[in-house]
Each structure stands twice: as structure tokens, then as C-alpha cells.
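Below is one structure, written out as C-alpha cells; the observations come after it.
Please treat every number below as a calculation from the coordinates, not as lab data. Since the structure is predicted, the reported quantities are computational estimates derived from the model, not experimental observations. Methodologically, a virtual Cβ is constructed for each residue, glycine included, from the backbone with ideal geometry; neighbour enumeration extends over all protein chains shown.
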Amino acid sequence: MVHVKLKNNQELIIREAEKDDAEELIISVKKIADETTFLTFEADEFTLTKTEEEKIIAESHASDNRIFLLAILNDKIVGFIKVDANQKKRCKHLASFGIGVLKEHWNKGIAKHLIQEMLKWAKGTQILRKINLGVQSNNLAGIHLYKKMGFQEEGTERRGALIYGEFYDVILMGLLID
Ligand SMILES: CC(C)(COP(=O)(O)OP(=O)(O)OC[C@H]1O[C@@H](n2cnc3c(N)ncnc32)[C@H](O)[C@@H]1OP(=O)(O)O)[C@@H](O)C(=O)NCCC(=O)NCCS
């Protein structure tokens, strides 16, 4: 668990998700999905039950190349970063992540701290050597943030997302862990 100061001097806690977080986490992720078109799913497609979410959290704990971190502000879950990685030997060094912050808390630095902590953990695993992500080309805050954190553009997945009948390119970015 780490305590960090946000741009507005509020204190944020970043810690691993625990089983008891499952219910609140589901509500927060649904809300984030409802507030943005930048995630890969719509709010009503996020149908995980409490038990399924608990299982995902437990699997992250048990894994040596996956992690599920939460951002906690005033005892509430306001953001998350979830790293997924392949378990096959030839791909175990690769991970990708999903990240989201409740809209009322955007631009305070929460995602920056989530990514920073995730990268510290990734280096410590001694397994992960590359973090990949895909970001919609119109997600300007996301692209700005990822570049600031050291991610480099590696390509474009044309028509990577279909949002309410309109195609968007997805920018592929990566960061080497050395
Ligand atoms: C992307 C997201 C996670 C960022 O979270 P956040 O906590 O607001 O991020 P931060 O405050 O750490 O950083 C945001 C940065 O974007 C910048 N920014 C905001 N709007 C911007 C815009 N329109 N153009 C360029 N930069 C912008 C901010 O100024 C800030 O940069 P700075 O600290 O250098 O000034 C959040 O907006 C979110 O949850 N979006 C919906 C879900 C999503 O997009 N997930 C990622 C999918 S790849």
C-alpha cells in the first residue's frame, strides 16, 4: 500500500484489490464505463458477479505477472489498473492493462500514480519485460498520459473500435521494462 499526494493535495491510497472490494469495485467500474466511450466495453456489458470478481482478484494475487491495483480516495474506490499477462513461456514477459478513473476525479493525477505503481511492481517481477496497451485515437488525455509515462507509439490498429456506429483507430503503444 502506498500513500501519494494528488495535484490538489488530497491523499490517495494505492493498494492491491482484495476480495472484500469486489462489490464496490463492480459498481465503480460500471460507473466509469457509463461515463466514457474509451473503454473496450459498455456499462451494460460489464456483467461480472461478485463471486466472479472475487475470483479475478484472487487470481491476480496468485499470479506472478498480473496485478489489480485500486486507487482509494476518502475510503472510496475511485480508479483501478488491471494488468493481464499471458502464462505461456514465450509470452510471459508481455502484459497489457486496462485503467479507469471516475470522471469527477479526472485530471488530479490519479492515473499517473496508478501507472507509476504498476511500473514499479512490473520491474520487481523480474518476469515482465514489456507492457503493451491500446488507446483510441480520440482519447487525447490517455495518449498524453501514456507518452508522459514513457510509452511509445508502435502502430495503429485501423478501425480498432466501433463506437455508436463510428469507427476509431486504436493506437498501439508499448514500454520496455529493463
Ligand atoms: C484516461 C484516464 C484513465 C486518465 O485518468 P486521470 O486520473 O484523469 O489521469 P491523470 O490526471 O493522471 O492525467 C491526465 C492527463 O491528461 C491531460 N489531459 C486531459 N485532457 C486532455 C486533452 N483533451 N488533451 C491532452 N491532454 C489532456 C491532463 O492535463 C493530464 O496531464 P498532465 O498531468 O500532464 O497535465 C481517465 O481519463 C479515464 O478513466 N478515462 C476513461 C477510461 C479510459 O480512457 N481508460 C483508458 C483506456 S486506454
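Return the total of residues in segment 22-60 being in a helix (DSSP H, G or I), of a type in the set (Ser, Thr, Tyr) and touching a strand residue (DSSP E or B) at 6+ places or on another chain (Cβ under 8 Å). Give the steps one after another, and end with the answer.
Of segment 22-60, the ones in a helix (DSSP H, G or I) are 22-35, 43-45, 50-60.
Narrowing further to those that are of a type in the set (Ser, Thr, Tyr): 28, 51, 60.
Filter once more, so that each one left must be touching a strand residue (DSSP E or B) at 6+ places or on another chain (Cβ under 8 Å): 28, 60.
Going through segment 22-60 one residue at a time, the tally reaches 2.
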Contact list please: Cβ distance under 9 Å, first residue in segment 89-110 and within 23 Å of Arg66 (Cβ to Cβ) and of a type in the set (D, E, K, R), second residue in a strand (DSSP E or B) and more than 6 Å from the ligand (Cβ to nearest atom), pairs at least six apart or on different chains. Lys92/Ala85
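Being free of Cβ contacts under 8 Å to residues at least 60 places away in the same chain, at positive phi and of a type outside the set (D, E, K, R) is the requirement here; does Asn86 meet it?
Answer is no for this residue.
Which residues, taken from segment 89-110, are more than 8 Å from the ligand (Cβ to nearest atom) and more than 17 Å from Gly134 (Cα to Cα)?
Of everything in segment 89-110, those that are more than 8 Å from the ligand (Cβ to nearest atom) and more than 17 Å from Gly134 (Cα to Cα) turn out to be Lys89, Arg90, Cys91, Lys92, His93, Glu104.
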Just to be sure I understand the filter: pairs with C-beta atoms under 7 Å, separated by 6 or more residues or on different chains, first member in segment 120-148 and under 25 Å from Arg15 (Cβ atoms) and within 9 Å of the ligand (Cβ to nearest atom), second member among the small types (Gly, Ala, Ser) and not in a helix (DSSP H, G or I). Which pairs pass? Leu133/Ser96
